[in-house]
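Peer 1: Below you will find the structure I want to go over with you.
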Amino acid sequence: MKTNYIKCGIWLVAAVFTAVSAKAQTGATGKTAYDAGRYDNYDRIRNEDGKHVERIQSDMDDKVYRLELANGKMTELYVDGVKIPAADWDKYSDAIAAIREQIRKNKIQAARNEEQAKLNAIQEKKNEEQAVRNEEQARLNELQVKKNQVQEERNEEQVKLNQVQAARNKEQAKKNQLQAEKNRVQAEENERMMKQLIQDLISDKIIADENGLHDLTINSDGMTVNGNRQPDNVFKKYKEKYHSFSMGDFSYHN
């Protein structure tokens with residue numbers, strides 16, 4: 001069973017229930033809870049057996065009214081702790097209507113107050129966060145000024161280093177040109193060997209034609225063609241013939 005307490009403003013004050021008052025409100029006598037002659041006004045809502053049960057108590061015109069409602073329909077009425085028969089409810093229709101209307105207004109106002117409180121809390125948090133950001137930005141600005149000064153010194157030093165690096169780059173360019181020529185020769189040799197390897201795969205009926213090779217790996221542990229690991233005798237043959245491939249971790253993908 002889940003009970004919700006609706007805070008009511010204006011003339012209907014939300015009650016703070018103690019164990020004693022709760023027992024008095026639900027006791028067998030059905031008497032209204034009280035404390036030293038002061039009646040507690042409240043609107044208590046709960047779900048009971050699939051029904052929306054609401055108990056409203058209000059001190060109005062020197063009388064204490066207690067209403068029991070199930071799914072919005074009144075089921076019981078007490079006046080000054082005395083249960084009123086349903087046949088006599090019309091006598092109190094004005095008071096009942098006034099109480100229910102006030103409860104409705106209070107719920108609306110309570111919802112508005114709660115929503116406004118949330119908005120206020122959000123805004124306050126935003127203000128605090130902005131203040132922190134402003135303070136942090138001021139600190140960062142001060143640091144940036146110092147960094148700029150340091151950077152100017154570094155820039156001057158970098159100019160000197162760039163001059164040295166330019167000389168090194170010129171030397172490296174010559175080395176790169178020589179290496180590029182070596183790479184070209186090696187690439188041509190690899191291409192020649194790869195064409196020969198493909199022809200050997202076709203001759204050994206491992207692939208059907210030049211387009212039949214999708215991926216190939218050769219290393220010191222074995223040989224795989226199109227995802228299929230080749231027998232040891234095949235691996236041995238290609239390892240000996242294409243020694244430069246098998247010594248490393250050669251991989252070919254088409």
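Peer 1: Once the Cβ-Cβ distance between ASP94 and ASN47 is put in as r, and R0 is 51 Å, what FRET efficiency do you end up with, to the nearest 0.05?
Peer 2: So, using R0 = 51 Å, E works out to roughly 0.95.
Peer 1: How large is the Rg to Rh ratio of the stretch 57-115 when both quantities use alpha carbon positions and Rh follows Kirkwood? Don't skip to the end; give the middle numbers.
Peer 2: On the way: Rg = 12.6 Å, Rh = 12.3 Å.
Taking Rg over the Kirkwood Rh, I get 1.02.
Peer 1: Quick check: Cα centre of the stretch 67-108 to Cα centre of the stretch 150-227, how many Å?
Peer 2: Value for the Cα centre distance between the two parts: 91 Å.
Peer 1: Once you place label points 7 Å from the Cα toward the Cβ at LYS147 and VAL132, how far apart are they in nm?
Peer 2: 2.1
Peer 1: Ok, one more. At a 1.4 Å probe, what is the % contribution of carbon and sulfur to the accessible area of the stretch 100-161?
Peer 2: On the way: 2700 of 5470 Å².
Of the solvent-accessible surface of the stretch 100-161, carbon and sulfur hold 49 percent.
Peer 1: Give, in nm to one decimal, the length gained when the segment between ASN254 and GLU114 is fully stretched (0.36 nm per residue of separation minus the Cα-Cα distance).
Peer 2: 43.7 nm
Peer 1: If you stretched the chain out fully between GLU156 and VAL79, how much longer would it get, using 0.36 nm times the residue separation minus the C-alpha to C-alpha distance? Numbers along the way, then the final one.
Peer 2: Numbers: separation 77, 0.36 × 77 = 27.72 nm, distance 9.32 nm.
Contour length minus Cα-Cα distance gives 18.4 nm.
Peer 1: Further question: For the residue pair GLU124 and THR224, what label-to-label distance in nm results when each label sits 7 Å from Cα along the Cα-to-beta-carbon direction?
Peer 2: 6.4
Peer 1: Over the stretch 114-254, average the accessible area per residue using a 1.4 Å probe and give it in Å², no decimals.
Peer 2: Heavy-atom accessible area per residue stands at 80 Å².
Peer 1: Which whole-number percent is the relative contact order of the stretch 143-234 (Cα, under 8 Å, 6+ apart)?
Peer 2: 10 percent.
Peer 1: Okay, moving on. Tell me the volume per residue, in Å³, of the convex hull enclosing the alpha carbons of the stretch 49-173.
Peer 2: Measuring per residue, one finds 226 Å³ for the Cα hull of the stretch 49-173.
Peer 1: D for the stretch 142-248, whole µm²/s, Stokes-Einstein with Kirkwood Rh over alpha-carbon pairs at 4 °C and 1.567 mPa s: what number?
Peer 2: Values: Rh = 18.4 Å.
Rounded to a whole number, D works out at 71 µm²/s.
Peer 1: Another question about this same structure. Contour minus end-to-end for ALA87 and GLN165, with contour as 0.36 nm per residue of separation and end-to-end as the Cα-Cα distance?
Peer 2: Residue separation times 0.36 nm, minus the Cα-Cα distance, leaves 17.6 nm.
The values are calculated or read from the model by the stated rules, or taken from the named source; none is laboratory data. Remember, predicted model here, so these are calculated numbers, not experimental data. No Cβ is skipped: glycine too gets one built from the backbone with ideal geometry, and neighbour counts run over all protein chains shown. What goes into the accessible areas is simple: the full protein's heavy atoms, side chains included, and nothing from ligands, DNA or RNA. Shrake-Rupley method; radii C 1.70, N 1.55, O 1.52, S 1.80 Å.
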